[in-house]
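Worksheet: the structure to be examined is printed underneath.
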Amino acid sequence: MLPLLTALQFLTSLPIRLPGMPTPQQQGRSLLYYPVVGLLLGALLCLAALLLGGAMPFLQAALLLTLWVALTGALHLDGLADSADAWLGGFGDRDRTLEIMKDPRSGPVAVVALVLLLLLKFTALLALLQAQQYSALLLAPLLGRAALLALFLSTPYVRPNGLGHVLAANLPRTWAQGALLLVATGCLLLGSNGLIALSLAVVTFLLVRRAVLRRLGGTTGDTAGALLELVECAVLVGLALQL
């Protein structure tokens, strides 16, 4: 139970209080529950969508997106902003890119990246809600957090003193592979929407992973957050486009 609570506390803004400090092994096992956290967030979004069913579509989409950001504490948006600043300002240099990621200030590139991503999410949500495609609200957060599990399973963590290093070093690899297989199977059981969402998530994951390996030789917490946001956005936009 502690690994699940650890995952909830780290990935959400829900008022979770841990009964004790998790060990490195428990922190590593918490990664296995990231897709579960995604399902929980998706369920909350679906419930909110049903409760807001009588609202005007634009207002409904805006409120859902606001709730989505609030539930996650904008944690992953911060990673996207830092990554965007670093990617452009780093000029292809690994050390400079990593140094910029440590800077808490956001430059114009970060602001533009956040605005564009939130705009895409909003418009995709609007189209999906009007078409009553509520499965997208489950698939996007699920696959976004499953992508994090896949990233820590397959990609070196480049900051040796970071929390991500502890997570990756103590991740049960066989169980992680099983969890990812279970996620993929669940998506396929949802029919064409699940297949499209899974395909988009895999392509986005591979592209982002390739980029971070080429630039940094691995991942950081910021690039992991950026990956999650990009996967969610790709799933929402892709499902909206096929309506």
Neighbours by Cβ (under 9 Å, 6+ apart or cross-chain): first from segment 74-92, more than 14 Å from PRO108 (Cα to Cα); second open to solvent by 20 Å² or more (accessible area, probe 1.4 Å) and outside any helix (DSSP H, G or I): ALA74/SER13; LEU75/SER13
Number of the condition not met by LEU63 [criteria: (1) under 22 Å from GLY217 (Cα atoms); (2) at pLDDT 95 or above]: (1)
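Results for (1) touching a Leu at 6+ places or on another chain (Cβ under 8 Å); (2) closer than 23 Å to LEU188 by Cβ; (3) among the basic types (Lys, Arg), shown as yes or no for each residue.
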site	(1), (2), (3)
LEU32	yes, yes, no
LEU45	yes, yes, no
ALA55	yes, no, no
HIS76	yes, no, no
ALA81	yes, no, no
GLU99	no, no, no
ASP103	no, no, no
PRO141	yes, yes, no
Qualifying positions in segment 78-95 - loosely packed, with under 13 Cβ neighbours inside 10 Å and closer than 18 Å to ASN161 by Cα: ASP95
Qualifying residue in segment 164-185 (condition: open to solvent by 30 Å² or more (accessible area, probe 1.4 Å), in contact with a Pro (Cβ under 7 Å, 6 or more places away or on another chain) and touching a residue at least 60 places away in the same chain (Cβ under 8 Å)): yes
Extreme residue, nearest to ARG96 (Cα to Cα), among residues of segment 190-243 that are open to solvent by 50 Å² or more (accessible area, probe 1.4 Å) and either touching a His at 6+ places or on another chain (Cβ under 7 Å) or among the charged types (D, E, K, R) (or both): ARG214
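Could you check, for segment 119-126, whether at least one of its residues is of a type in the set (Gly, Ala, Ser) and either under 16 Å from the mean Cα position of the chain (by Cα) or within 19 Å of LEU51 (Cα to Cα) (or both)? Let's see the steps before the verdict.
Restricting attention to segment 119-126, the residues satisfying the condition of being of a type in the set (Gly, Ala, Ser) are 124.
Remaining after also requiring either under 16 Å from the mean Cα position of the chain (by Cα) or within 19 Å of LEU51 (Cα to Cα) (or both): none.
No, the conditions are met nowhere in segment 119-126.
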Positions within segment 1-59 being open to solvent by 50 Å² or more (accessible area, probe 1.4 Å), free of Cβ contacts under 8 Å to residues at least 40 places away in the same chain, of a type in the set (S, T, N, Q) and within 19 Å of TRP175 (Cβ to Cβ), in sequence order: THR23
Residues that are open to solvent by 10 Å² or more (accessible area, probe 1.4 Å), among the aliphatic types (A, V, I, L, M) and assigned to a helix (DSSP H, G or I), drawn from segment 118-142: LEU118, LEU119, LEU120, LEU126, ALA127, LEU129, LEU138, LEU142
Helices (runs of 4 or more DSSP H) fully within segment 1-109 counting 2 or more residues that are among the acidic types (Asp, Glu) and touching a helix residue (DSSP H, G or I) at 6+ places or on another chain (Cβ under 7 Å): 75-89
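The values are calculated or read from the model by the stated rules, or taken from the named source; none is laboratory data. On a predicted model such as this, the values are computed, not experimentally measured, just so you know. So basically every Cβ, Gly included, is an ideal-geometry build from the backbone, and we count neighbours across all protein chains shown. Heavy atoms of the whole protein, side chains included, go into the accessibility calculation; ligands, DNA and RNA do not. Shrake-Rupley method; radii C 1.70, N 1.55, O 1.52, S 1.80 Å.
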